[in-house]
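The values are calculated or read from the model by the stated rules, or taken from the named source; none is laboratory data. In this text, all values refer to a predicted model and were calculated from it rather than measured experimentally. A quick note on method: Cβ atoms are made from the backbone with ideal geometry, for glycine too, and the neighbour counts reach across all protein chains shown.
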Amino acid sequence: MSDSQREVDPWRFTGSFLEKILSRGIPEQANHPPIPWTPATKPLAESKVSLLSTSGLSMKGDVPFDMEYERQHPTRGDSSWRRLRSDATGAGIEANHLHIDTGYVERDLNVSLPVDRLRELVDEGKVGASAESHYSIMGFQGSDSSTLVEKSAPEIAEAMLSEEVDLALLTPV
């Protein structure tokens, strides 16, 4: 597979008009490496899937995301990550994020972490298995995502590898 086939086209579904408008607010692409892409190695029906939410979710009782930091630095959020149990329900999870309306998440966890939909797909045999853990980050990182990229992302990837996750589904909000 060539390098160009392994990169994600971030404008694939926007069309040229929206690409022109939206790209004006993004720093030059030379500052950003290409988005990597690795094709699936087995059918979805045989794959173990983990979810990765960007809505600042944590299990109740765990250390929540640092909203005070977010208040003091309104252009960015906490760059750490949280592990979420695969049997999580809305009653056991809290959302800590000032840049999203967490009321939607509180009313229906599946808005930001579609665990019920994943369970249904597993029950229907369309997905092989749900991973033992899902993960959450605070997606609003502003112009400096270095800690997320250099520390949190590799730690999440290592955790997924240790659970033998085949596919990760990013659920942005």
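Within the bounds of segment 96-105, is there any residue that is of a type outside the set (Gly, Ala, Ser) and surrounded by fewer than 14 Cβ atoms within 10 Å (Cβ to Cβ)?
The answer is yes; a qualifying residue exists.
So which residues in segment 115-125 are part of a loop (DSSP other than H, G, I, E, B) and either out of contact with any helix residue (DSSP H, G or I) (no Cβ under 8 Å at 6 or more places or on another chain) or not assigned by TED's automatic domain parsing to the domain that holds VAL165 (or both)?
Once the filter is applied, which keeps residues that are part of a loop (DSSP other than H, G, I, E, B) and either out of contact with any helix residue (DSSP H, G or I) (no Cβ under 8 Å at 6 or more places or on another chain) or not assigned by TED's automatic domain parsing to the domain that holds VAL165 (or both), segment 115-125 yields only GLU124.
Select from segment 111-125 the residues that are among the aliphatic types (A, V, I, L, M) and either modelled with pLDDT of 95 or more or surrounded by fewer than 14 Cβ atoms within 10 Å (Cβ to Cβ) (or both) and list them in ascending order.
Result: LEU113, VAL115, LEU118, LEU121, VAL122.
Looking at ASP66, ASP62, ASP144 in this structure, which one is assigned by TED's automatic domain parsing to the domain that holds GLU163 and either within 18 Å of PRO172 (Cβ to Cβ) or modelled with pLDDT of 95 or more (or both)?
Step by step, each of ASP66, ASP62, ASP144 is checked, and only ASP62 is assigned by TED's automatic domain parsing to the domain that holds GLU163 and either within 18 Å of PRO172 (Cβ to Cβ) or modelled with pLDDT of 95 or more (or both).
Only residues in segment 50-74 that are farther than 24 Å from LEU118 by Cα count as the first member; pair them with residues that are of a type in the set (A, V, I, L, M), Cβ under 7 angstrom, at least 6 apart or cross-chain, and list the lot.
PHE65/MET138; MET67/LEU98; GLU70/LEU98; ARG71/LEU98
So that you can scan it fast, the table gives a plain yes or no per residue for (1) assigned to a loop (DSSP other than H, G, I, E, B); (2) more than 19 Å from SER58 (Cβ to Cβ); (3) at pLDDT 95 or above:
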| site | (1), (2), (3) |
| --- | --- |
| VAL127 | yes, yes, yes |
| TYR135 | no, no, yes |
| PHE140 | yes, no, no |
| VAL149 | no, yes, no |
| ALA153 | no, no, no |
| ILE156 | no, no, yes |
| ALA159 | no, no, yes |
| VAL165 | yes, yes, yes |
| VAL173 | yes, no, no |
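When you scan segment 34-74, how many residues do you find that are in contact with a helix residue (DSSP H, G or I) (Cβ under 7 Å, 6 or more places away or on another chain), outside any loop (DSSP other than H, G, I, E, B) and loosely packed, with under 14 Cβ neighbours inside 10 Å?
Matching residues across segment 34-74 total 1.
Which count do you get for residues in segment 126-139 that are surrounded by 19 or more Cβ atoms within 10 Å (Cβ to Cβ) and not hydroxyl-bearing (Ser, Thr, Tyr)?
Residues that pass the stated criteria total 6.
For the subset of segment 75-95 comprising residues that are farther than 14 Å from VAL115 by Cα, in a loop (DSSP other than H, G, I, E, B) and in contact with a Leu (Cβ under 8 Å, 6 or more places away or on another chain), which member is modelled with the highest pLDDT?
Ranking the candidates gives SER79 first.
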